[in-house]
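The values are calculated or read from the model by the stated rules, or taken from the named source; none is laboratory data. The structure displayed is predicted, hence computed values, not measured ones. Neighbour counts run over all protein chains shown; Cβ positions are idealised from the backbone, glycine included. Accessible surface areas use protein heavy atoms only, side chains included; no ligands, DNA or RNA. Shrake-Rupley method; radii C 1.70, N 1.55, O 1.52, S 1.80 Å.
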Amino acid sequence: MSGRLTIIRGMHPFKDGVFSALAHATGGADWYKFIGMRAKPYPETNERAAYAFSRAKKMPRNPSTQKAKRQMIAAQYNWSRAHFTRHPGSVAVVWNGLGGSRMAYMLGAEDAGNPRLYVELAPFAGHVTLDPEGLNAESSVPRTRGGLGDATLGPVRKARMANDLVARAARGRNKPVGQNRRALPKSPFLFCPLQVPNDTQVQIFGGWADTMPRFARILARQADALPEGWHIRMKEHPSARERITPLLEQLAAASNGRVVIDNQSDTFDQVRASQGVVTMNSSLALQSFLLDRPVIVTGEAFFAVPGLVDVAKSEEQLTALFGQVETLQYDDAYRDALLGFLLDRYLVPYSEDDAGRLRIDRYRVLEKVEQARDLMA
């Protein structure tokens, strides 16, 4: 087992398809349906379990249930650390892993001295994220122009990718969020693609805006700071099971036309028609780079860097940016460098064979495994 991937199943066809492709690319893996539990603690158990619990996606309301969940996470940390101590060099692999039980699993592997690989969907079709340090704002993506090296995205490839952008289809039988191609207003606006309210991007990296309802209220409150004739245009996320439509409708009704809710027009049509994008930390910001739109970010993200976007670290800063929205600028070469780095050096491409099995770029996977080992050396 030493040196092999140790995978916690994703319990989802696509996720486990990705894991199977990783196992195939690396010569095999050891799979676990669930994270085990072990009562005997380590000196770090309470601290590590408390941290993982604080970032759990689903937080129980009942105090006794909270206590039981903390105890379970502590036992899972103990099992993980003991498991990886027995199997030095084994690589811990999990989907997301930024909170709760899966975070306890990754912390146990880290404290045992073992390499880790966090797996997640990528912002660009046909790619997944595979990172030995973490995801999103905790990823290993360089935060400086120099750190990206000589990577870049050429104009022909950029134009092709921009043309190929396809908005995500809505979930659910009623499909309250659509992707319809229709005419959009000529009046200038900032487009805000709202995120899944309980997504880890929001819960962990949301920053001062905190939650999607609060973020929407802040945008509505600051809409008056935009120049005369401008408006904020919001759209709920197609994958969101928890909807805040009633709140959005209230905000729009009280805004004198400054806030418009459009859950039906195609997402990328709205980006193209906009004069810019404002987001907490949605990966749609990166796709907006392809369409040459200025972006304002309020939360934590690896791309929340001046030159790539404008970063609003408070409501006061957001007010100021809205007031000068007509003159927002960005460094096009820096953006192209980041996109080139992501596509050619960071993200891992995959494809589907004739039998429907996922196949992944073996060279890039082995490179990621080596990076994970180097990190723990």
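Got a sec? Which of Tyr330, Tyr334, Tyr346 is open to solvent by 50 Å² or more (accessible area, probe 1.4 Å) and of a type in the set (Ser, Thr, Tyr)?
On the way: Tyr334 fails: open to solvent by 50 Å² or more (accessible area, probe 1.4 Å); Tyr346 fails: open to solvent by 50 Å² or more (accessible area, probe 1.4 Å).
Residue meeting the stated conditions: Tyr330.
Taking Ala75 as the residue in question, decide whether it is among the hydrophobic types (A, V, I, L, M, F, W, C) and either assigned to a helix (DSSP H, G or I) or surrounded by fewer than 16 Cβ atoms within 10 Å (Cβ to Cβ) (or both). If you could, list the steps in order and put the result at the bottom.
Numbers: among the hydrophobic types (A, V, I, L, M, F, W, C): yes; either assigned to a helix (DSSP H, G or I) or surrounded by fewer than 16 Cβ atoms within 10 Å (Cβ to Cβ) (or both): yes.
Criteria met by Ala75.
Could you please let me know if Gly134 is more than 22 Å from Phe205 (Cβ to Cβ), small (Gly, Ala, Ser) and either surrounded by fewer than 18 Cβ atoms within 10 Å (Cβ to Cβ) or in contact with a strand residue (DSSP E or B) (Cβ under 7 Å, 6 or more places away or on another chain) (or both)?
No; evaluated as a whole, the condition is false for this residue.
Considering (1) in a loop (DSSP other than H, G, I, E, B); (2) open to solvent by 50 Å² or more (accessible area, probe 1.4 Å); (3) among the hydrophobic types (A, V, I, L, M, F, W, C), the lone condition that Val177 does not fulfil carries the number (2). Scanning segment 1-35 for residues that are hydrophobic (A, V, I, L, M, F, W, C) and open to solvent by 20 Å² or more (accessible area, probe 1.4 Å), we see that the one that is modelled with the lowest pLDDT is Met1. The residues in segment 217-247 that are out of contact with any Ser or Thr (no Cβ under 7 Å at 6 or more places or on another chain) and more than 15 Å from Phe189 (Cβ to Cβ) can be counted, and the count is 14.
Return yes when Ala104 is within 23 Å of His12 (Cα to Cα), within 18 Å of the chain's Cα centre (by Cα) and touching a residue at least 60 places away in the same chain (Cβ under 8 Å) and no when it is not.
Numbers: within 23 Å of His12 (Cα to Cα): yes; within 18 Å of the chain's Cα centre (by Cα): no; touching a residue at least 60 places away in the same chain (Cβ under 8 Å): yes.
Answer is no for this residue.
When the helices (runs of 4 or more DSSP H) confined to segment 200-303 are screened for residues that are modelled with pLDDT under 95 and open to solvent by less than 30 Å² (accessible area, probe 1.4 Å), those reaching at least 2 such residues are found at 200-205. For the residues Val365, Val348, the requirement of being touching an Asp or Glu at 6+ places or on another chain (Cβ under 6 Å) and of a type in the set (Val, Ile, Thr) singles out Val348. Considering the conditions (1) assigned to a helix (DSSP H, G or I); (2) among the charged types (D, E, K, R); (3) surrounded by 13 or more Cβ atoms within 10 Å (Cβ to Cβ), Arg38 is excluded by exactly one of them, (1). For segment 356-377, taking the residues that are open to solvent by 70 Å² or more (accessible area, probe 1.4 Å) and more than 25 Å from Gly108 (Cα to Cα), the one that is modelled with the lowest pLDDT is identified as Arg357. Can you tell me which residue within segment 151-171, out of those that are over 21 Å from the mean Cα position of the chain (by Cα) and basic (Lys, Arg), is least open to solvent (accessible area, probe 1.4 Å)? The qualifying residue least open to solvent (accessible area, probe 1.4 Å) is Lys158. Taken together, the residues in segment 9-35 that are among the charged types (D, E, K, R) and either in a loop (DSSP other than H, G, I, E, B) or under 18 Å from His87 (Cα atoms) (or both) amount to 3.
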